[in-house]
1. Would you please give the FRET efficiency between residue 343 and residue 65, computed as 1/(1 + (r/R0)^6) with r the Cβ-Cβ distance and R0 = 60 Å, to the nearest 0.05?
2. Calculate the spin-label point distance for residue 249 paired with residue 197, positioning each point 7 Å from the Cα along the beta-carbon direction, and give it in nanometres.
3. What value, in deg cm²/dmol to 500, does the helix sum -39500 (n - 2.57) over DSSP H runs of n ≥ 4 give at 222 nm once divided by the residues of the chain?
4. If one takes the longest principal axis of the Cα atoms in the chain, at what angle in degrees, from 0 to 90 and to the nearest 10, does the Cα axis of helix 87-107 lie?
5. Give the angle, between 0 and 90 degrees and rounded to the nearest 10, that separates the Cα long axis of helix 116-148 from the longest principal axis of the Cα atoms of the chain.
6. What does the extension gain come out to for residue 205 and residue 112, with contour length at 0.36 nm per residue minus their alpha carbon separation?
7. Between residue 439 and residue 169, what length comes free when the chain is fully extended (0.36 nm per residue of separation minus the Cα-Cα distance, one decimal in nm)?
8. Just report the Cα centroid separation between region 359-389 and region 178-235, whole Å.
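No lab work stands behind these numbers, since they all come straight from the coordinates. It should be emphasised that the depicted structure is a prediction, and the values quoted were computed from it without experimental measurement. Glycine also receives a Cβ, built like all others from the backbone with ideal geometry; neighbour counts cover every protein chain displayed.
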C-alpha cells in the first residue's frame, strides 16, 4: 500500500474546480465509426454528434422511445456496463437513436406551426449558413460514396464533379438526398444545443470558467473542411514533428493545415471561424501543439517524416486574433507548448496572455523533481497529459512493460534499464511531495 498512493476525488472537490478540460469535440466521419480519433477530425468548425445529449432538447421519455424504436436499447445497456468504450458499436447505436429521433422530429415537431423545437432548428440552420450546409452535404455524400465503395473514403477519389462543393452535380445530389442533408444538420443542432447546456450547467454549479475545449492542430485532408474549403488548406502535405530524443524517426500525423497565403488573402477567415467554433460554448480553449502558430513540420504525403521541413506561419497576426476572440468570448487560452519549442516562443505566449503547460514528469533535472514554487505562474501545472502515462501507470511502471511488449526496435533504455531508472525516480518524486507538504512517510 505504501507504494500505491491514491487520490480520491469527492463531489465537493469536483464542484470546487474552476474548469473541466475536454478532449476535442470536433466533427468526425459519421459514415465511418472506426475513424474515431478526436485529433484527426473531418472539420474543426462543427461538432461530433456522438458526444451530443438529445435529452437536453427532447427530454428523457422521448429519447427513451427513440432508443427502443431504433432497436439500440440492448446495445446501449451492454455498453454502459462495459469497462471500455467499443467506439464502432457504440457509435452505431447512438446514430440509430438519433435517426429515430430525427424521424420523430420530422413527423411531429416540424408539422406544428410555431413549435419551439422547429423554430429553434430553423434558426440554427439559418445561423450556420453555407458552412453548415456544405458540412452536411459532405457527410451525406461521404456516406453514399464510402458506403458503396470503401476505396472512396477520401473525397479526392470521388468522380471529378463531386470534388467541387459548388458543382451542379453536388447541388443535384443535395436536392436528391435532402432528407439525409437535413439529418446531418439535425445532429449538429443537437450537438450544439447540448454543449451549450453543459457549459451553462457547469457555470451555474459555480465553476468560474466551465468547459475548456480542445483545438486539434489540424484536420484530415479527406474530410469535410478540406472538401468544402480546399483552397484554405495545404492538401498533400502532412503535419508532424521532426526527429527528437523521444522519436528519432520523427512523426507524421496525416493532418492538413491552413495555407499561410490563404490566411492572409482571406483576412484569416478560416482561422477566425475555427477559433469561434471552439469558444462558442466554452470558457476557454486549449490549443494543441501551439508551436503551430509560428511553424509546423510538414512532409509530403507518402514521404517519411524525416524528409519534411518547417512551414512558417504569421505568429503575430494569429496571436492578436486569439487575443481578440478571447476577449470577445470571455475565454481563457492555454497552449500545449510541449516538445520541440522554438527559442523565445514561450515568452511570446506569456506576453500575449496564452498560458503554457508544465507537466510533472518533465519538470526535473538529473537530481530531483522541481518544487511547486519553481513552476512559472504563466503556465498550467498538471501531473500528466493524454500523450503520457497516467501517474499511477508511471508509478507502477506499466508504461515500461507496455513499451517492451511492442514489436520492433525501441528507442532509449531496454526494459531492465528503464525499470532501474524508474526505481531511482520514484523516491525522488516522493521526496519532492514530502518537501511540498503533499505527502508524508517513506
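1. 0.50
2. The two pseudo-label positions are separated by 4.6 nm.
3. -14500 deg cm²/dmol
4. Taking the Cα atoms of the chain, the angle to 87-107 is about 30 degrees.
5. 80 degrees
6. Extra length from residue 205 to residue 112 when fully extended: 30.0 nm.
7. The span from residue 439 to residue 169 would gain 90.5 nm if fully extended.
8. Cα centres, region 359-389 to region 178-235: 31 Å.
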